[in-house]
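Here's the structure we're looking at; comments come further down.
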Amino acid sequence: MERVTFSVGNEGRQVFWNVHDFEWLLYAFSVVALAIFAYGLYRRWKMWTAIGKPEMRIDRIGERLKALFVNSLLQLKTFRELYPGVMHGLIFFGFLVLFIGSAVDAVEFHITEPFGFAFLRGRFYLVFSFLMDLFGLFIFIGIMLALYRRYLLKPDRLGYREERDNTPDDAFALILIALIVATGFVVEALRISVTHSPWEYWSFGGWVLAEVFAGADVRTAEMFHRILWWLHVFISLLFIAYIPYSRLLHILTTPANHFFLSLKPAGSLEPIRDFETAESFGAGRLEDFTWKQIFDADACTRCGRCQDGCPAYLSGKPLSPKKLIQDIKTHWLDRAAIAGKQSSGGGEASGAGEPAKTLTGEVVDLHELWACTNCMYCMEHCPSAIEHVPKVVNMRQYKVLTEADFAPELQLTYRNMENNSNPWGIGAHLRADWAKELGIKTLAEDPAVEYLFYVGCSGSFDDRGKKVSVAFARILQAAGIKFGILGTEEGCCGDSAMRGGNEYLYQSLAQANIEVMNRYGVKKIITTCPHGYNALKKDYPNFGGNFEVYHHTEIIAELIAKGKIALKKPVKGTFTYHDSCFLGRYNDIYEQPRTILKAVPGVKLAEMERTLSQSFCCGAGGARMWMEEDIGERINDMRTDQAIATGAGTIAVACPFCLTMLSDGIKDRKREESMAALDIAEIVWKAMDRDAAAT
């Protein structure tokens, strides 16, 4: 192609070229499309507000606007995965730029040009034309990637088990967008083929397509331009009108959900505050959810990222976080339609006289409800900021507290917690026996300590957990840290009760612990269990327990960094580290454990396929530690297989639940002679080579 020369400053084009006489029709059709859009949005608004308890989600506006900017405008969560991230990014940013470009066009034509000022001229017009074509091309590429992925690649996340999650609405929305872009390029090409403006190669899409119409009769080209221009307009207005009635509504609901996201610490749960007056507890009906919990369901885009890393789903359990949310949405649509007809005086709707379905057992299968490990993979990776775990816990609360209907294993566990403040039911008077040979004082004996070592149930009663407590206590002693324990005054943290739905038991355990800790004036607490760590740090403040809480990996990493402990003895071998869900996703503690392992002489660290925020649960969270796993594959065995695949001889952990589950997995895979699971405290104590001095 020959290089075209032109004089700078004259570049531009006439808005409404070739269709100026029918400009008024555009406004008439636009009003109709916007009216349909507004009516659809109004109907949806009525549905959003028809059902659900009140909840404050418009506080701390600055933080909410920041979340909206980061997650909606910058699409940071969406870009965590390459293919779907690029695909969605091309479409989103393409539409954003084209929307801004259309607004610029309208401003010039209706506001500035009538007053003799046209800014779409010269170099600005050239850049403007280039960007509009470039981002239009981006949209088209994104749509092709989406169609290829949804209808040819068919990833599992776009379905549920063997069922495909494709609806006619999905295809129609994608085709509609593709037609808008395609007709836009053809209209531009026809204009260029007639006007022959020498600078229009900046509009490279239309410029290339214009070659197709080279030599065509001018009148014929103008006629086709006019027809296709109106077709482009009608498709665009159809797109606008269609938004509130289709999956395209996520253009509005997803940003709104980002704005309304929870600003509480990750994974914290809202406590039940009305035990004395409430007739039922938790969520047994849709009306028991808050408006935001229901709005979540409408914001779901069915992308399936939650399902991709869900340990329950991947191990063959009935639960899919995506399906759970969609089932709630289907139920909400039915309930909202009935409520809307009743409130508008439209007579009794179909099904209005029937009792509403219960969430637990009818809308959500009980096997789904109890399969959740509370690992929070779904919430961490959801690009729409949907909060799955609190809904699961709320529904469990209903089954446990209102209906007293839950697994026999949990009945025994809760009874043990009630009677002896530990899940095993071991006598509470034995809680401090692990420390007898170490010379550790209780706070009753010496309250003047810097840290309370909250040992927890596993570290106090489980034979394997007690070894971790001993190792960590010796590390603290060697570093000269002044600490104490509560001994027999310590109680269970209550995490398993809370996440298993027994909120009443949890609150009684938490309040008992807080009373003791406050009586001794405790300020700083160290735990070896991420479940206790998370509960004490995030949930205890609801009941007056305001403490500085540290996990033992944080303390050990700091002791190494400050040179207060020396790691002299090589601990040779290949190690792989398992990220505990409650330490990683819940509390963003990823680097400290790895820093510790890298500081141990002889340790070669090999990462598993699923690691950091993508880590695979051990299967013990959400009270699953105390329940049988009788559907599908065992989650701990799957995680053990992932560890075995690294070739490591040791699985390093930082959680007593993970230690138990992965030790069991090693036994199940008959790897006891070649592999072991060790807590990081045990590895560090070995590297300190202080056993002789300690005995």
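A few points about this structure:
- Normalised by the number of residues in the chain, the average gap of Cα pairs under 8 Å and 6 or more apart makes the relative contact order 12 percent.
- Expressed in units of 2.2 N^0.38 Å, where N is the residue count, the Cα radius of gyration of segment 563-694 is 1.06.
- Principal-axis analysis of the Cα atoms of the chain puts helix 23-50 at an angle of about 20° to the longest axis.
- If you take the Cα centroid of segment 577-609 and the Cα centroid of segment 7-50, the two points sit 54 Å apart.
- Share of pairwise Cα-Cα distances greater than 23 Å in segment 416-560 is 28 percent (whole percent).
- ³J(HN,Hα) computed for each position of segment 674-685 - Karplus, 6.51 cos²θ - 1.76 cosθ + 1.60, integer Hz, glycine/proline x: 10, 9, 9, 10, 9, 6, 4, 4, 5, 5, 5, 4
- Förster radius 22 Å - calculated FRET efficiency between Asp156 and Arg669, Cβ distance, rounded to 0.05: 0.30
- Fewest-first ranking of Thr277, Thr358, using other Cβ atoms within 10 Å as the exposure measure: Thr277, Thr358
- Amide hydrogen proximity for Ile525: with H placed 1.01 Å from N in the peptide plane, the residues at 5 or more positions away or on another chain lying under 5 Å are Leu452, Glu548, Val549, Tyr550.
- ³J(HN,Hα) computed for each position of segment 142-158 - Karplus, 6.51 cos²θ - 1.76 cosθ + 1.60, integer Hz, glycine/proline x: x, 5, 4, 5, 5, 5, 4, 5, 6, 10, 10, 5, 6, x, 4, 5, 8
- For segment 88-190, a Kirkwood hydrodynamic radius built from all Cα pairs, placed in the Stokes-Einstein relation at 25 °C and 0.890 mPa s, yields a translational diffusion coefficient of 156 µm²/s.
- Just so you know, the Cα atoms of segment 227-339 work out to an Rg and Dmax of 18.7, 70 Å.
- Put simply, the amide H of Val571, placed in the peptide plane, has neighbours under 5 Å in Gly602, Val603, leaving out anything fewer than 5 places away on its chain.
- Each principal axis of the Cα cloud of segment 286-402 was evaluated for its coordinate range; sorted largest first, these ranges are 46, 31, 22 Å.
- From helices alone, the chain scores -15000 deg cm²/dmol at 222 nm; the rule is -39500 (n - 2.57) for each run of n ≥ 4 DSSP H residues, then divide by the residue total.
- DSSP bridge orientation in the chain - percent antiparallel, rounded to nearest 5: 10
- Inter-label distance for Ile61 and Trp45, nm, one decimal - labels placed 7 Å from Cα along Cα-to-Cβ: 1.9
- Nearest 10 degrees, 0 to 90: helix 250-259 Cα axis against the chain principal axis: 40
- Restricting segment 206-315 to trypsin sites (Lys or Arg not before Pro) in coil, as DSSP defines it, with at most 16 other Cβ within 10 Å: Arg273
- The simple spin-label model puts a point 7 Å past each Cα toward its Cβ; for Leu34 and Ile272 those points are separated by 5.0 nm.
- For segment 402-454 versus segment 228-272, the gap between their alpha-carbon centres in whole angstrom: 48
- Folded to 0 to 90 degrees: helix 218-242 orientation relative to the chain principal axis, Cα: 30
- Cα extents for segment 60-259 along the principal axes, largest to smallest and rounded to whole angstrom: 56, 43, 29.
- A full extension of the chain between Val86 and Glu609 corresponds to an added length of 186.0 nm, given 0.36 nm per residue minus the alpha carbon distance.
- Mean projected area of the convex hull spanned by the Cα atoms of segment 407-449, taken over all viewing directions: 4.0 nm².
- Exposed loop sites, defined as GluC sites (Glu not before Pro) outside DSSP H, G, I, E and B with at most 12 other Cβ atoms within 10 Å, are absent from the longest region of the chain, namely 3-161.
- Isotropically averaged projected area of segment 473-521, using the convex hull of Cα atoms (one quarter of hull area), nm²: 4.3
- Summing Cβ point charges (Lys, Arg +1; Asp, Glu -1) relative to the Cα centre of the chain gives a dipole of roughly 1260 debye.
- Low-density loop cleavage sites - trypsin sites (Lys or Arg not before Pro) in segment 616-695, where at most 12 other Cβ are within 10 Å (DSSP): Lys670
- Amide proton proximity set for Asn422, modelled H, under 5 Å, gap of 5+: Met417
- With θ taken as phi - 60° and the Karplus curve 6.51 cos²θ - 1.76 cosθ + 1.60 applied, the whole-hertz 3J(HN,Hα) list for segment 489-506 is 7, 6, x, 4, 5, x, 4, 5, 5, 4, 7, x, x, 8, 5, 4, 5, 4 Hz, x standing for glycine and proline.
- Label corresponding to volume of the Cα convex hull per residue in Å³ when calculated from the structure given, among [x] 213; [y] 292; [z] 194: [x]
- Residue order, fewest to most surrounding Cβ atoms within 10 angstrom, among Tyr398, Tyr242, Tyr577: Tyr242, Tyr398, Tyr577
Quick note: the coordinates plus some simple rules give every number you see, no bench work behind them. Not measured: the values here are computed from a predicted model. Cβ coordinates were reconstructed from backbone atoms using ideal geometry, including for glycine residues, and neighbour counts include every protein chain displayed.
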